Amino acid sequence: MIEFQAVTKRFDDGTTAVDNLDMVVEAGTITVFVGPSGCGKTTSLRMVNRMIEPTSGTVLVDGEDIRKSNPALLRRRIGYVIQQAGLFPHRTVLDNVATVPLLSGWTRRKARARAAELLETVGLDAAMGKRYPSQLSGGQQQRVGVARALAADPPVLLMDEPFSAVDPVVREGLQDELLRLQADLDKTIVFVTHDIDEAVRIGEKVAVFRKGGVLAQYAAPAELLSNPADDFVSSFVGKDRGYRGLSFLQADGIQLGGVSTMGLHGEHLSGERPSTVGGPDWTLVLDDDGRPRGWLPPGVVIQGEPAEEDLRPGGSLYTEGTALRGALDAALSSPSGLGVVVDDAGRYTGVVTAQQVIDLIEERRKDAA
Amino acid sequence: MFDDLSRYLSSTSNQELVLTQLLQHIYLSLLPLVIGLALAIPLGWLAHRYRAASGVVFGVSNAVYTVPSLALFVVIPVVLGTQILDSLNVVVALTIYTTALLVRPVCDALDAVPFHVVAAATAMGYRPVRRFVTVELPLSVPVLSAGVRVASVSNISLVSVGALIGTGGLGVLFTSGFQISYTAPIIVGIVLTLVLALVVDLILVGLRRALTPWLRAGGTT
């Protein structure tokens, strides 16, 4: 648990970076500090491991005033992931990860064994340990940065815009990886970002800071999107916050529809039409494992196997049991207007329309009122 | 002229003289390089860490470097109370030059270490001295080594001047050659000075390679 008690930071030039911050970061949660640049989110983070000392106020980690600890020893108990990974370019990946154990006096052998173990934990091949950081991609470097922060098994992890320098696809992978890791490790994680999408995606609690270092709202992501505290928060979370709020609504109770399907080899799978001919409606083509491959447009008549060019690429897929946002997106992005629903293994189970999603939202709203 | 040279080098006493002066030259030029580097590192760090100090440090080092070497060779015995012919004078003078010459490269080299890497080291729990020795200094080698190479060549050429006040080194071959208008020792002296500078430079390049294996580790694979 991390506690800020009336913490203020004024820099020498007179600017107030953090203004009278009172908040509690719960143990075992991912708490995201988010806000525009100059809002004091990074300053607040760095006051936790004494990279920056507060002008006034107290920071407690697990109930203990951090001013009572030696800064170097305190930092070895707090994992830190910096922007652009900040790996040591002159050390191999393995030795980078072994940094804190070595500082804490472990033998080199034991520290390296621990480092090799951690590389696998963050999804990297142990053979990468021998490389230098410059030989890794940006995403791999970030993974090494996370492994290095975890090496001494610290209860608290500080992450300072760790994924901001990688491209969106890699970033999403890293976010998923972090959530997966956290499910096992149960650390107290403070994560700083300027990206509200990232904040609501990974945060269990989100603290929105405004310019001048004032905490504007501290709430769970769903609450933040559905009930912003003021105009600043509502404009910061963005104009499509209603749509993003669907990420936190479950889709249970939605009735899946059916559609005529056919196999890759032209075999008839369902529906009334003979398999060699397309029909007046959209037909969904599935591969041998039952995974969607694409849509056959209405009126297209084919003989035997549908060729790749006959197929229209499908939209996003909605995995059963996940949030409503995915269902709506699947429907909106599908060429047929029918969102394809799959199970955990990616096999087709049914279709859903945008209207169904809207109806469900309306129903929920009525129930709530 | 080649006859002259072969006659000069065939004499055993000349061979001994050349070898002695060569070894003396190596000692007089490289010892100040090592001591000067050791002194320039803390001074360069001071200039790197405290911008206010950098003006003073660079001002003094520039001023020192403009003092003519011969003048310094003559002044040092007065200041230190050493004998005028003591080779220590040359070592001290060249140490001062090397330090003055290397302060700026040390500062530049430390400036070139990425800030976020140093910040990461601090956040990992490094104390300042260990961080400097194991993170900042190794990472400053690529920039610093260029400065050290310049200083080594500068020292090797400056040692020759010491011969004018009689302290040994390959410069002795120049002074004695000029005195008796005999070109052979002068040519031997010039060639050996050049070869020495070249060999030392190659050794320094090799040293830099050995200290920076990560720079050769190719790009993203």
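The values are calculated or read from the model by the stated rules, or taken from the named source; none is laboratory data. Small disclaimer: the values here were computed from a predicted structure and weren't measured. Note: ideal-geometry Cβ built from the backbone for every residue, glycine included; neighbour counts use all protein chains shown.
So, of the residues in the stretch B:3-36 that are at pLDDT 90 or above and small (Gly, Ala, Ser), which turns out to be surrounded by the fewest Cβ atoms within 10 Å (Cβ to Cβ)? If we take residues in the stretch B:3-36 being at pLDDT 90 or above and small (Gly, Ala, Ser), then B:Gly36 is surrounded by the fewest Cβ atoms within 10 Å (Cβ to Cβ).
For B:Ser140, the criteria (1) over 30 Å from A:Gly79 (Cβ atoms); (2) among the polar types (S, T, N, Q); (3) within 14 Å of chain A (Cβ to nearest Cβ) hold in every case but one, which is (1).
Within the stretch B:97-112, the residues that satisfy the criterion of being surrounded by 19 or more Cβ atoms within 10 Å (Cβ to Cβ) and either within 14 Å of chain A (Cβ to nearest Cβ) or of a type in the set (A, V, I, L, M, F, W, C) (or both) are B:Ala100, B:Leu101, B:Leu102, B:Val103, B:Val106, B:Cys107, B:Ala109, B:Leu110. Which residues, counting only those in the stretch A:249-271, are buried (at least 17 other Cβ atoms within 10 Å of the Cβ), at pLDDT 80 or above and not in a loop (DSSP other than H, G, I, E, B)? The answer is A:Thr261, and nothing else. One residue stands out in the stretch A:190-209 among those that are assigned to a loop (DSSP other than H, G, I, E, B) and surrounded by 16 or more Cβ atoms within 10 Å (Cβ to Cβ): the one that is modelled with the highest pLDDT, namely A:Gly203.
For the stretch A:90-103, the criterion of a residue being under 24 Å from A:Ala126 (Cα atoms), out of contact with any Leu (no Cβ under 7 Å at 6 or more places or on another chain) and of a type in the set (Lys, Arg) is satisfied by at least one position. Within the stretch B:163-221, the set of residues being within 14 Å of another protein chain (Cβ to nearest Cβ), in contact (Cβ under 8 Å) with a residue 12 or more places away in the chain and in a helix (DSSP H, G or I) comprises B:Arg208, B:Leu211, B:Leu215. The residues of the stretch A:1-32 that are outside any loop (DSSP other than H, G, I, E, B), loosely packed, with under 15 Cβ neighbours inside 10 Å and β-branched (Val, Ile, Thr) amount to a single one, A:Val24. Here is the figure for the stretch A:10-46: residues that are of a type in the set (Lys, Arg) and either over 21 Å from B:Ala120 (Cβ atoms) or not assigned by TED's automatic domain parsing to the domain that holds A:Val214 (or both) total 1.
Of all residues in the stretch A:142-189, those satisfying the criterion of being assigned to a strand (DSSP E or B) and within 13 Å of another protein chain (Cβ to nearest Cβ) are A:Val156, A:Leu157, A:Leu158, A:Met159, A:Asp160. Residues in the stretch A:80-119 that are charged (D, E, K, R) and within 29 Å of the chain's Cα centre (by Cα): A:Asp95, A:Arg114, A:Glu117. Residues in the stretch A:77-127 that are of a type in the set (Ser, Thr, Tyr) and closer than 19 Å to B:Pro138 by Cα: A:Thr92, A:Thr99. Give the residues of the stretch A:108-141 that are at the interface with chain B (Cβ under 10 Å from one of its Cβ atoms), within 15 Å of A:Leu174 (Cβ to Cβ) and of a type in the set (Gly, Ala, Ser), sorted by residue number. Of everything in the stretch A:108-141, those that are at the interface with chain B (Cβ under 10 Å from one of its Cβ atoms), within 15 Å of A:Leu174 (Cβ to Cβ) and of a type in the set (Gly, Ala, Ser) turn out to be A:Ser137, A:Gly138. Picking from residues in the stretch A:78-107 that are in a loop (DSSP other than H, G, I, E, B) and over 17 Å from A:Gly139 (Cα atoms), the one that is nearest to the other protein chains (Cβ to nearest Cβ) is A:His90. What are the residues in the stretch B:65-95 that are crowded, with 19+ Cβ neighbours inside 10 Å and of a type in the set (A, V, I, L, M), if any? Correct list: B:Leu72, B:Ile76, B:Val90, B:Val91, B:Val92, B:Ala93, B:Leu94.
For the stretch A:165-195, the set of residues classified as of a type outside the set (Ser, Thr, Tyr), in contact (Cβ under 8 Å) with a residue 40 or more places away in the chain and under 14 Å from A:Val81 (Cα atoms) consists of A:Ala165, A:Leu178, A:Lys187, A:Ile189, A:Val190, A:Phe191, A:Val192, listed by residue number.
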